[in-house]
Amino acid sequence: VSGLTNAEIAGPGTVDTSGLDGIRLELLTVSGVPTVSVTDMTVLDSTDVGIHVRNNGVTVGDITISDNTVDQSGDQGILANLSGTSGAVTADGNTVSSSGSNGVELFLTGLNTGGADVTVSNSTISDSAGNGLLIDSFLS
């Protein structure tokens with residue numbers, strides 16, 4: 001996605017049997033400081049990641065991944081691969097089951113949240129082949 005001002009994927013909606021990521025929101029260039037959200041989606045049987053959000057070092061506002069259901073992903077159930085500067089990072093109310101790797105992974109490389117929180121709450125994670133929840137942070 002290039003040149004956007006906000007990125008929102010909002011359900012209810014279902015992605016079933018994808019050959020790669022079920023939902024991938026990859027930000028390359030943006031206008032201003034967009035907020036990013038993926039809410040109320042169901043992702044079933046993705047070959048790679050169920051829900052993947054990546055900012056490629058571009059500055060973004062708050063990032064919210066909430067109220068989603070992910071089942072049978074080949075890799076992570078939910079992956080936020082973030083670097084650079086962002087607002088708060090929130091994963092709330094998600095249900096993730098039977099992931100081929102980590103259930104929920106927040107990979108935060110050199111991320112500067114400007115003092116905002118990184119929060120995972122009210123979620124159910126089960127039957128992950130790797131960690132249920134992994135927050136891998138190299139925060140600035």
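Quick one: count up the residues across segment 26-37 that are aliphatic (A, V, I, L, M) and either open to solvent by 60 Å² or more (accessible area, probe 1.4 Å) or in contact with a His (Cβ under 9 Å, 6 or more places away or on another chain) (or both).
Total meeting the criteria: 2.
Output the residues belonging to segment 10-25 that are assigned to a strand (DSSP E or B) and either among the hydroxyl-bearing types (S, T, Y) or open to solvent by 50 Å² or more (accessible area, probe 1.4 Å) (or both).
Within segment 10-25, the subset assigned to a strand (DSSP E or B) is 10-16, 23-25.
Those that are assigned to a strand (DSSP E or B) and either among the hydroxyl-bearing types (S, T, Y) or open to solvent by 50 Å² or more (accessible area, probe 1.4 Å) (or both): A10, P12, T14, D16, R24.
So, restricting to strands (runs of 3 or more DSSP E) that lie completely within segment 38-138, which ones have at least 1 residues that are over 13 Å from G22 (Cβ atoms) and either open to solvent by less than 10 Å² (accessible area, probe 1.4 Å) or free of Cβ contacts under 8 Å to residues at least 24 places away in the same chain (or both)? It would help to see each step written out before you state the result.
Values: elements: 51-54, 63-66, 69-71, 78-85, 89-92, 95-97, 104-112, 118-121, 124-126, 133-138.
Hits in segment 38-138: 63-66, 78-85, 89-92, 104-112.
The values are calculated or read from the model by the stated rules, or taken from the named source; none is laboratory data. Just so it is clear, the model here is predicted, and its values are computed rather than measured. Positions of Cβ are backbone-derived with ideal geometry, glycine not excepted, and every protein chain shown enters the neighbour counts. Areas reflect the complete protein model, heavy atoms only, side chains present, ligands, DNA and RNA absent. Shrake-Rupley method; radii C 1.70, N 1.55, O 1.52, S 1.80 Å.
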